[in-house]
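Quick notes on the structure that follows.
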Amino acid sequence: MAHAVPIPPGALEPPGAGKRTLAQAFGWAVFVLILAWAWKGADVRPMDLVKDSGNMAQFLTEFFPPDFREWRSYLREMVVTVHIAVWGTVLAIVCAVPFGLLSSSNIVPWWVYQPVRRLMDAARAINEMVFAMLFVVAVGLGPFAGVLALWIHTTGTLAKLFSEAVEAIDPRPVEGVRATGASALEEVFYGVIPQVMPLWISYSLYRFESNVRSASVVGMVGAGGIGVILYEVIRGFEYAQTCAVMLIIITFVSTIDIVSSRIRKQFI
Amino acid sequence: MTQGAALKVEGLSKSFGGPQKALKDVRLTVAPGEMVALIGASGSGKSTLLRHISGFVAGDPGSGAIRVNQHVMQEGGRVAGSIRHLRADVGFVFQQFNLVGRLTVMTNVLMGQLPRIPLWRSLIGRFTREEKAEAWRAMKSVGIENLAWQRASTLSGGQQQRVAIARALVQRAGIILADEPIASLDPESARVVMEILARINREQGITVLVSLHQVQFARRYCVRTVALRLGEVVYDGPSAALEAGMLRQLYGASVEEMLDGTETIDAVMNDPVVAEGLGVAAATA
């Protein structure tokens, strides 16, 4: 076949090869310009790290040894933090299933998925902390405000991840279900959900991990959990206690990350 | 015969935007209990025709009606409003099986019950003993009952196709449309699947319309063959009459591959000389 045809020497260089390097150089120049601009805007002062290194070392020593005298209350609030994350995540999963399906272009027409997607964008665009501040006003101080904040934000995130999984499914099994005379809802339950289940579980666990992290700060604006204590000890210049609280958060978050990623691996 | 037809296609046309019509005024009547082969090269419109019958695709505006057991599936380019309900009577067997791989064989077969059971039960996946027994009998009749609790994705192609047939049986479909059911299978699995289709046609009286790549299978399993070329019915008659000479007349000179079955018709169609020949034939027709 074609292997007998000799290749002319000039043919080895694809046409337009030179243009690409020019475009790349331009891309890099833009990138460097953005970095320089952002340097000014973000007020980056690396020299201060050297100049004030003595102060910082002094500051650091105040953290040690950590003061665990109040550990019972730290632990209690840390458990509340996990409770906030659990409910915030579970409520979000329950909502993200329908919203995720309703923002999938292969399940519903554009006039459904476009508005639903925009709604989810909005839920995702606002940080948990902002929602927490608003819900503290609405439902009062305490963990429930944190649950509501995580719920809204996580629904937005999970709905997007869920719908991306749905849009990547193999359409043939769905058509197989359709061929039996099944209703549209049955098509989704039997043809779509079995295909996306492993990914959905994996995404949900990942969001739970990250919600434990988020839940540990929503307390700073009064939405319950370990964040409340963290805020108080930092404001009171109790750095030894701050250190103890941070160590507890690190231990909890790391443990949950490790356990959850183990479980996630089972599903992929 | 017209009155009691299992399937009646009247003047169906379809174009997908290109200059060449995918289906051109197709007329076809199948009597109850018949087993009819649909042959033709790739792109001749076999799949498109079957997908229209099941209402997956609508014909061109103003094109004729498709009736299955007197029920209008689509008419004038509009799919019937109750198409989901009507599909229960039409079993569909796909070339790529189209099973849900992560579910068990049992669940895949039970899906044939979905149109008959209340929605709340189907959504929580609750099937009665009787429904499971019916699925079991269907699996037994195609010889896959020992695989009932395996995931469908772990099965071989031939086994998966038998699951798909069992699903159509549980559906209690009066007619089964099989779209190249053996094109992805090895010769032995292909034979088994064709034997099963022929047996359910013979023993249960289910009407079967099966599209095939190779004429030898049509001659062996079906009394009647309908041949398509470039979206048109070019032959409708006894399979026995489909001799090499006749096929050569229908499909051009290099039709031998379609006959001996060692090479698929794709190879013929991809041959530029043959493609040109068919184009000329279509222009003069």
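Tabulated results
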read-out: Checking B:Q70 against (1) closer than 23 Å to B:N201 by Cα; (2) at pLDDT 90 or above, the condition it does not meet; value: (2)
read-out: Scope the range A:164-213; condition of a type in the set (S, T, N, Q), without any contact (Cβ under 8 Å) to a residue 24 or more places away in the chain and within 26 Å of B:V93 (Cβ to Cβ); matching residues; value: A:T180, A:S183
read-out: Members of the range B:105-118 that are facing chain A (nearest Cβ under 10 Å) and not in a helix (DSSP H, G or I); value: B:L114, B:P115, B:R116, B:I117
read-out: Breaking point among (1) in a loop (DSSP other than H, G, I, E, B); (2) touching a strand residue (DSSP E or B) at 6+ places or on another chain (Cβ under 9 Å); (3) over 21 Å from A:T180 (Cα atoms); (4) in contact (Cβ under 8 Å) with a residue 40 or more places away in the chain, for B:S42; value: (2)
read-out: Residue that is surrounded by fewer than 23 Cβ atoms within 10 Å (Cβ to Cβ), among the basic types (K, R) and under 28 Å from B:R67 (Cβ atoms), where the choices are B:R129, B:R102, B:R191, B:R172; value: B:R172
read-out: Hits in the range B:87-100 - residues which are part of a loop (DSSP other than H, G, I, E, B), facing another protein chain (nearest Cβ under 7 Å) and under 18 Å from B:A135 (Cβ atoms); value: B:N98, B:L99, B:V100
read-out: Output for the range B:84-125, where each listed residue is of a type in the set (S, T, N, Q) and either out of contact with any Leu (no Cβ under 7 Å at 6 or more places or on another chain) or under 19 Å from B:T154 (Cβ atoms) (or both); value: B:Q95, B:Q96, B:N98, B:T104, B:T107, B:N108, B:Q113
read-out: Which listed residue is over 21 Å from the mean Cα position of the chain (by Cα) and either within 9 Å of another protein chain (Cβ to nearest Cβ) or in a loop (DSSP other than H, G, I, E, B) (or both), from B:R84, B:R126, B:R121; value: B:R126
read-out: Odd one out for B:G11 among (1) within 22 Å of B:E180 (Cβ to Cβ); (2) in a strand (DSSP E or B); value: (1)
read-out: Output for the range B:57-79, where each listed residue is among the aliphatic types (A, V, I, L, M) and farther than 22 Å from B:G4 by Cα; value: B:V57, B:A58
read-out: Single unsatisfied condition, A:T157 versus (1) at pLDDT below 90; (2) at negative phi; value: (1)
read-out: Some residue of the range A:89-110 being in a helix (DSSP H, G or I), more than 25 Å from the chain's Cα centre (by Cα) and closer than 30 Å to A:I169 by Cβ; value: yes
read-out: Any hit, the range B:48-69, residues being of a type in the set (G, A, S), more than 8 Å from every other protein chain (Cβ to nearest Cβ) and outside any loop (DSSP other than H, G, I, E, B); value: no
read-out: Residue within the range A:157-171 that is β-branched (V, I, T), more than 10 Å from chain B (Cβ to nearest Cβ), under 16 Å from the mean Cα position of the chain (by Cα) and farther than 22 Å from A:Q114 by Cβ present; value: no
read-out: Qualifying positions in the range A:182-206 - polar (S, T, N, Q) and assigned to a helix (DSSP H, G or I); value: A:Q195, A:S202, A:S204
read-out: Among the residues listed as A:G222, A:G227, A:G236, the single one being surrounded by fewer than 20 Cβ atoms within 10 Å (Cβ to Cβ), in contact (Cβ under 8 Å) with a residue 40 or more places away in the chain, away from every other protein chain (no Cβ under 14 Å) and not acidic (D, E); value: A:G222
read-out: Pair list, Cβ under 6 Å, 6 or more apart: the range B:209-228 residue under 21 Å from B:G174 (Cβ atoms), other residue among the small types (G, A, S) and at pLDDT 90 or above; value: B:V210/B:A37; B:V210/B:A178; B:Y221/B:A198; B:C222/B:A37
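Yes/no matrix, rows are residues, columns are (1) within 14 Å of chain B (Cβ to nearest Cβ); (2) within 22 Å of B:R167 (Cα to Cα); (3) crowded, with 23+ Cβ neighbours inside 10 Å:
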residue	(1), (2), (3)
A:V177	yes, yes, yes
A:A184	yes, yes, no
A:M197	yes, no, no
A:N211	no, no, yes
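The values are calculated or read from the model by the stated rules, or taken from the named source; none is laboratory data. Predicted model only: the values in this text are computed from it and were never measured. Cβ atoms come from the backbone with ideal geometry, glycine included; neighbour counts cover every protein chain shown.
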